[in-house]
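Student: Please see the structure below; I have some questions.
We did not get these values from a lab; they are worked out from the coordinates using the rules stated. The model shown is predicted, which means the values in this text are computed figures rather than measured ones. Note that each Cβ is placed from the backbone with ideal geometry, even for glycine, and that neighbours are counted across all protein chains shown.
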Amino acid sequence: MSTVTGTENQELAPVSTESLAALLVAKERPQRPSSPSTSLTFGWRAILKIKHVPEQLFDVTAFPIMNLLMFTYLFGGALAGSPQDYIQFVLPGILVMSVVMITMYTGVSVNVDIEKGVFDRFRSLPIWRPSAMVGYLLGDALRYTIASVVMLAMGLLLGYRADGGFPGVVAGIALLLVFSFAFSWIWTMFGLMLRTEKSVMSVSMMVIFPLTFLSNVFVDPRTMPGWLQAFVNNSPVTHLASAVRGLMAGDWPADEIAWTLGWAALFVAVFGPVTMRLYNRK
Amino acid sequence: MSTQSSGPAIETVGLVKTFGETRAVDGVDLTVPAGTVYGVLGPNGAGKTTTVKMLATLLRPDGGEARVFGHDVVRDADQVRGLVSLTGQYASVDEDLTGTENLVLLARLLGHHKTTARTRAAQLLEAFGLTEAAGKQVKHYSGGMRRRIDIAASILNTPDLLFLDEPTTGLDPRSRNQVWDIVRAVVAQGTTVLLTTQYLDEADQLASRIAVIDHGKVIAEGTKGELKASVGAGSVHLRLRDADRRPEAERLLRDLLHAEVQLEHDPVALTARLGAATSDSAAEQAARALGELARDGITVDNFSLGQPSLDEVFLALTGRETDGSAGDGGTGPDTDADTGTGTGTGTGTGTKDEVAA
């Protein structure tokens, strides 16, 4: 773990044991912070990391734009007559697909963090246990927001018009963020469970590709064979895509919203405890 | 000054941790008095880090019990976390963040308000001589700076118990001495320190009691004096001017010091391993031997005094060598540290001091 750099040769200022002693005399400890407070502090850490390593925004900017352009022009003519007609249908879906795909990077960053030393320090702190994990997800929520805004801006340029107006779009994105937060507990689990960054990545791909493509994001499920329809119609991504599409179109798809929130609750209820068990045992 | 002054800081009974087939920690019993530095000495893979991780609630023991200031590390893990801090090669800081950001982050997690967190971070960086590097990402820090920021992060709140897991491994002698100064300053304020190390001289410099651990078991425990007595006082290395006088010198040393004398490959060199039987220090015994040799007209060109190295401690305690992994072999302290005149002058990597005779 040698980090030899230019600073290595610099003369280090001496340690002042007197001022150190003065600092150590203060034995009083502040009150323990609340769980939202520690979670937000970890979220702040995630934002600091974006500040220092801005390259990590690549996957929430370039990747969604690429998806949007690719699928709109690839399928538009064949499926809806023209890309302009298709984008009206496909944009909310691609938005959902892209953001849900991006969530898998959470697992990778959890895994990378464990490899480094800082993780054990966090685990030894007297704080609400899940806050480090929740912090990751809060930082990620910011990334998903960026991705959503980027895609919507691009969509507007390509001719997408949301009939739901601003409120509809905001409601759609909010639902997408809630779902992504809940869904990400799968990735925190994999991040803690699997040994290497690579294995996290490959397992995540195996989950995310079928789950996002086998949905109603691109086409109407009625064109699919019966067994596939059974899967697609019950997939959480389908419910989410329908709900977001409805909200952005100015409807209130109560059933789909309820289904989406139900799935979200289920993800947290199942993968949250598994993640925390792994976190405590690591 | 500790609020938990009654009872030991750490008490473990039959602590066990297994990883698959390996018993990494195999029934460790430790009692660490509060307010002292306790040294845990052993080679790589002896089970030191695993023990510390269990005590710091990072690993769950598979057997036995451990209490920190009376709190069980499994059942009362949360209370234990409130009293301890740890610094090691594993528990460090976030390399992507700057020094200031790291300390502010941790201070906030400990419940400090934004402004007090900033003040505390700045004060600590100042005390640790890191003010200039405060705005740099930690990944650009040198080894010595890394260790300082790691320790600073551990004392944002003055802990009752501080774990230092091999705090100086891989550091140059100067940085090592500075870490030692920090440890002394921390202990002076009443914090108990559990220090693990591969270096006998480090334990010697800092710890009042030492446990030697090997293959997950405590193989010796006691004060520094007791431990040294069990392995002998050290050895005297001599180089004579005249190879012909060597048999004579050998005989003289054996009679005078009751020491085991070894003839080196070099025809003018010999080594006497000093016993712990007498109350004389190694230096006194060596001085007497030199006097006798001079009286007999045997000219000594050069001599040096060596403390028992970790290898020798292990040889004495287990009857076998360390598993060849004891770092850079830097285990011999210098002799003036041994006689108590010098502090913080140990070279760490030298095995003995050459003294012109």
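Student: Segment B:195-228 to segment B:149-172: how many Å between their Cα centroids?
Tutor: So the separation of the two Cα centres works out to 19 Å.
Student: Residue by residue through segment B:181-189, what is 3J(HN,Hα) from phi via Karplus (6.51 cos²θ - 1.76 cosθ + 1.60, θ = phi - 60°)? Round to whole Hz and write x for glycine and proline.
Tutor: 4, 4, 4, 4, 5, 5, 5, 4, 8
Student: Starting from the 7 Å offset along Cα-to-Cβ, what nm value, one decimal, do you get for the label separation of residue B:115 and residue B:78?
Tutor: Roughly 3.1 nm, to one decimal.
Student: Rounded to the nearest 5, what is the percent of antiparallel bridges among the DSSP beta bridges in the protein assembly as shown?
Tutor: 70
Student: Another question about this same structure. 5 Å is the cut-off here: which amide hydrogens, built 1.01 Å from N in the peptide plane, fall below it relative to residue B:17, excluding neighbours closer than 5 in sequence?
Tutor: B:24, B:25, B:26, B:27, B:62
Student: Evaluate the Debye formula for segment A:35-281 with equal point scatterers sitting on the alpha carbons, no solvent, and hand back log10 of I(q)/I(0) at q = 0.09, 0.12, 0.15 Å⁻¹, in q order, two decimals.
Tutor: Rounded to two decimals, the profile gives -0.39, -0.69, -1.05.
Student: Another one. Got a sec to turn the phi values of segment B:250-267 into Karplus ³J(HN,Hα) couplings, 6.51 cos²θ - 1.76 cosθ + 1.60 with θ = phi - 60°, whole Hz, x for Gly and Pro?
Tutor: Calculated HN-Hα couplings, in order: 4, 4, 4, 5, 5, 5, 6, 9, 6, 9, 7, 10, 10, 8, 7, 4, 4, x Hz.
Student: Determine ³J(HN,Hα), in whole Hz, for all residues of segment B:287-296 in sequence, where each value follows from phi through the Karplus function 6.51 cos²θ - 1.76 cosθ + 1.60 and θ = phi - 60°; x replaces Gly and Pro.
Tutor: Taking θ as phi minus 60°, the curve returns 4, 4, 5, 5, x, 4, 5, 5, 4, 7 Hz for segment B:287-296.
Student: Under the classification rounded if a/c is under 1.5, otherwise prolate if a/b is larger than b/c and oblate if not, where does the protein assembly as shown fall, given a ≥ b ≥ c as square roots of the Cα gyration tensor eigenvalues?
Tutor: prolate
Student: Another one. Taking 56 Å as R0, compute the FRET efficiency from the Cβ-Cβ separation of residue B:301 and residue B:60 and round it to 0.05.
Tutor: 0.40
Student: Follow-up. Excluding residue B:152 itself, what net charge comes from residues whose Cβ is under 11 Å from its Cβ, given Lys and Arg +1 and Asp and Glu -1?
Tutor: Within the 11 Å Cβ shell, the charges total +2.
Student: Take segment B:10-228, compute every pairwise Cα distance, and split them into 10 Å bins from 0; I just need the percent in each bin.
Tutor: For segment B:10-228, the binned pair fractions read 8, 34, 36, 19, 3, 0 percent.
Student: List the residues, sorted by chain then number, that are 5 or more residues from residue B:213 or on another chain and whose placed amide H is less than 5 Å from its amide H.
Tutor: So residue B:213 has HN proximity to B:41, B:42, B:219.
Student: Could I ask something else about it? Rounded to the nearest 5, what is the percent of antiparallel bridges among the DSSP beta bridges in segment B:151-275?
Tutor: 75
Student: Calculate the dipole size of the protein assembly as shown relative to its Cα centre from +1 charges on Lys and Arg beta carbons and -1 charges on Asp and Glu beta carbons; express the result in debye to the nearest 20.
Tutor: Dipole of the protein assembly as shown, to the nearest 20 debye: 2200 debye.
Student: May I ask you to list the trypsin sites (Lys or Arg not before Pro) in segment B:1-109 that are in a DSSP loop and have at most 15 other Cβ atoms within 10 Å of their Cβ?
Tutor: B:75
Student: Going by C-beta contacts inside 10 Å, put A:104, A:276 in order with the fewest on the left.
Tutor: Going from least to most buried by this count: A:276, A:104.
Student: Could you check the spin-label model distance between residue A:142 and residue A:234? Points 7 Å from the Cα along Cα→Cβ, value in nm.
Tutor: Roughly 4.0 nm, to one decimal.
Student: To continue, here is another question. How about segment A:175-273: which trypsin sites (Lys or Arg not before Pro) there lie in a loop by DSSP and see at most 13 other Cβ atoms within 10 Å?
Tutor: Passing both the DSSP loop test and the Cβ count: A:195.
Student: Right, next: Taking the Cβ of residue A:128 as the center, what net charge do the other residues with Cβ under 12 Å away carry, scoring Lys and Arg +1 and Asp and Glu -1?
Tutor: +2
Student: Under a 5 Å amide H to amide H cut-off, with H placed in plane at 1.01 Å, what residues pair with residue B:86 once short-range neighbours are removed?
Tutor: When sequence neighbours closer than 5 places are left aside, the close amide H contacts are B:163.
Student: Next up: What is the list of residues in segment B:284-301 whose amide nitrogen lies under 14 Å from a point 7 angstrom out from the Cα of residue B:266, following Cα to Cβ?
Tutor: Those under the cut-off are B:300-301.
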